[in-house]
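Colleague: The structure under discussion is supplied below as structure tokens; questions concerning it will follow.
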Amino acid sequence: MVYFLCELHGDEKSFHLHLDLIPCGSGYSQGLRTRNSLSKALENQGFSNDCRNKYNNSTLAWQKKERAYLKEIYKEHGIETTELGLKRDDMELEVFKMYATLEESKNSLRKVQVKVKELEDQSNYYEETLLDIDDINYTIFSIKQAEEDNKALQYENRKLKEEKEKLIVDNKELKKAAELWNLLMKGIHTYMAEKSALLLRLIEKLISRGLDPLQAHIDDQKDYNIRSSDFSKSKFIKLSDEECYGREERS
């Protein structure tokens, strides 16, 4: 095989090479010992040409060997290869290209279906996430509402404490007032009891002397009134003399 041209094409899905060669066979007994012949060139390389049909021949055997050799080279360089699984059989080239395009479309469709499934899973995940977010928002709202209620309860609690403290102060003052009132009432009772006892003793003395207590009280009131009247008159006369004396000095 004599290779005379190698072309790198990028007009399809992936880059690929076109190798142009001239098959040259040798060992002819007549004429030119080396001639342009694919079957003879393959025979020189060890590919038997006994079977000559489209399913089993030296050309197919050579292509199979070359593919295996290329795979080994790709493997050494870390390049992955895939088998398309297409059998050309007796298809014409154009029909085979259309068939290959159809298979690629099927593969693309499967990839799209896988992507759609992934998107559906993501959509379900996002929906569940949104539900979780709604639950979180409701929880946050509940917490805020509880905080507001707690603030209101704290305010009410402060008011109740203030009222309690005020009631305690008022209670203390009422206790003091009650104690003073009790002392006052006790003093009044004591005073009344003493006065009553003194009055009883006085009445008893008057009775023991043979006097009428009521008449004695009336006489005492008369004496008190007379004494009060005499005192007022003497004071009036005294003041009048002083006033007159003062007027004489001024004149």
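Colleague: Quick check on region 48-61: of everything there that is small (G, A, S) and part of a helix (DSSP H, G or I), which residue is most open to solvent (accessible area, probe 1.4 Å)?
Modeller: A61
Colleague: Pairs please, first residue from region 130-156 and in a helix (DSSP H, G or I), second anywhere and modelled with pLDDT of 90 or more and open to solvent by less than 90 Å² (accessible area, probe 1.4 Å), Cβ atoms under 8 Å, 6+ apart in sequence or on different chains.
Modeller: none
Residue-by-condition table, conditions (1) in contact (Cβ under 8 Å) with a residue 12 or more places away in the chain; (2) open to solvent by 70 Å² or more (accessible area, probe 1.4 Å); (3) under 60 Å from the mean Cα position of the chain (by Cα):
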site	(1), (2), (3)
D11	no, yes, yes
L19	yes, yes, no
Y28	yes, no, no
T34	no, yes, no
S39	yes, no, no
E43	yes, yes, no
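Colleague: Report whether or not K176 is at pLDDT 85 or above, surrounded by 10 or more Cβ atoms within 10 Å (Cβ to Cβ), out of contact with any Ser or Thr (no Cβ under 9 Å at 6 or more places or on another chain) and not β-branched (V, I, T).
Modeller: Considered against the rule, which asks whether it is at pLDDT 85 or above, surrounded by 10 or more Cβ atoms within 10 Å (Cβ to Cβ), out of contact with any Ser or Thr (no Cβ under 9 Å at 6 or more places or on another chain) and not β-branched (V, I, T), K176 comes out as yes.
Colleague: A further question follows. For region 193-216, how many residues meet the condition of being open to solvent by less than 100 Å² (accessible area, probe 1.4 Å), modelled with pLDDT of 65 or more and part of a helix (DSSP H, G or I)?
Modeller: Residues meeting the conditions: 12.
Results for (1) more than 52 Å from the chain's Cα centre (by Cα); (2) surrounded by fewer than 10 Cβ atoms within 10 Å (Cβ to Cβ); (3) at pLDDT below 80, shown as yes or no for each residue.
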| site | (1), (2), (3) |
| --- | --- |
| K71 | yes, no, no |
| G85 | yes, yes, yes |
| D90 | yes, yes, yes |
| K97 | yes, no, yes |
| K106 | no, no, no |
| D121 | no, no, no |
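Colleague: Condition test on K64, is it surrounded by 10 or more Cβ atoms within 10 Å (Cβ to Cβ), at pLDDT 85 or above and under 30 Å from N44 (Cβ atoms)?
Modeller: yes
The values are calculated or read from the model by the stated rules, or taken from the named source; none is laboratory data. It should be emphasised that the depicted structure is a prediction, and the values quoted were computed from it without experimental measurement. With ideal geometry, Cβ positions are generated from the backbone for all residues, glycine too; neighbour counts draw on all protein chains shown. The accessibility values were calculated without ligands, DNA or RNA, using every heavy atom of the protein model including side chains. Shrake-Rupley method; radii C 1.70, N 1.55, O 1.52, S 1.80 Å.
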